[in-house]
Amino acid sequence: MTPPFLAAGLDAPHGFFTRAGGVSTGRFATLNCSLSGRDDPRAVAENRARARTALGVGALVGLFQVHGAAVAVVEEPWHDEARPEADALVTRRRDVALGIVTADCAPVLFLDAEAGVIGAAHAGWRGALAGVLEATVAAMERLGAARGRISAAIGPAIRQPSYEVAADLRDAVLAADPAHARFFVDGARPGRWRFDLPGFCATALARAGIARVIDLGLDTYADPARFFSYRRATHEGVGPIGHQLSAIALS
């Protein structure tokens, strides 16, 4: 089965995959693409192979994601066991898909079609605050991209109506810039706020000079039929879950 994916109109093979179309079972059903979870590794390998085939590329590389701002440059595909600790990838190499996994954090795919440079970033609130998106753009520039030509697409992520946070997160974001208060609205409970993570990411990209920012506007928490959501699983008390893949390649 070819797994379904969502596209954002980038002029390169790319996709924001849903949780459908894989072979994993139980809490990981069905297209779990996380290399670090408790799913059967054979099922994960098959799921990732299906995603790679859907994009029509020969290789798919991933990361050991750590919620930071490090960016890995892909010169040659690496084995999954040798994947680096980072939260973004960039490359000029063709026929290699750059993949990141998420289950509420924002997946962001980048393309400078003229330069032939792509990127993919995993942006949770910590990574976004640390500058992972800006670091991805800078790494693409070092490969010959120009930020004025880059398009960036924000895929399925937890949205503000679903993302109620406590003072520790809000204080950390406001400590970086008090103007970030515009990304918070009052929550349902005293001492809680709802954070606009995709809006925070889109603003960071615009400030970085990205020519075109696309936001699919999809909420992982609110759509259990299509997306894994770490926060939803926590609220339901169901334990470990899968992660969906987002990937881009140069044809």
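The values are calculated or read from the model by the stated rules, or taken from the named source; none is laboratory data. If you're wondering where the values come from, they're calculated on a predicted model, not measured in any experiment. Counting neighbours? That spans all protein chains shown, and the Cβs are built from the backbone with ideal geometry, glycine included.
Quick look at the numbers
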item: Residue list for the range 231-251, restricted to those being under 19 Å from V90 (Cβ atoms), assigned to a loop (DSSP other than H, G, I, E, B) and at pLDDT 95 or above; result: A249, L250
item: Close pairs (9 angstrom Cβ cut-off, 6 or more residues apart or separate chains): closer than 17 Å to E81 by Cβ and of a type in the set (S, T, Y) in the range 17-43, at pLDDT 95 or above and assigned to a helix (DSSP H, G or I) anywhere; result: S34/F28; S34/V44
item: Filter result for A139 (at pLDDT 95 or above, closer than 19 Å to V73 by Cα and touching a strand residue (DSSP E or B) at 6+ places or on another chain (Cβ under 7 Å)); result: yes
item: Subset of the range 52-99 [outside any helix (DSSP H, G or I), on the phi < 0 side of the Ramachandran plot and among the acidic types (D, E)]; result: E75, E76, E85, D87
item: Verdict on A139 being of a type in the set (G, A, S) and part of a loop (DSSP other than H, G, I, E, B); result: no
item: Among the residues listed as A88, A8, A69, the single one being within 20 Å of M140 (Cα to Cα), within 15 Å of the chain's Cα centre (by Cα), buried (at least 23 other Cβ atoms within 10 Å of the Cβ) and modelled with pLDDT of 95 or more; result: A88
item: Yes/no for F228 being assigned to a loop (DSSP other than H, G, I, E, B) and under 21 Å from A88 (Cβ atoms); result: yes
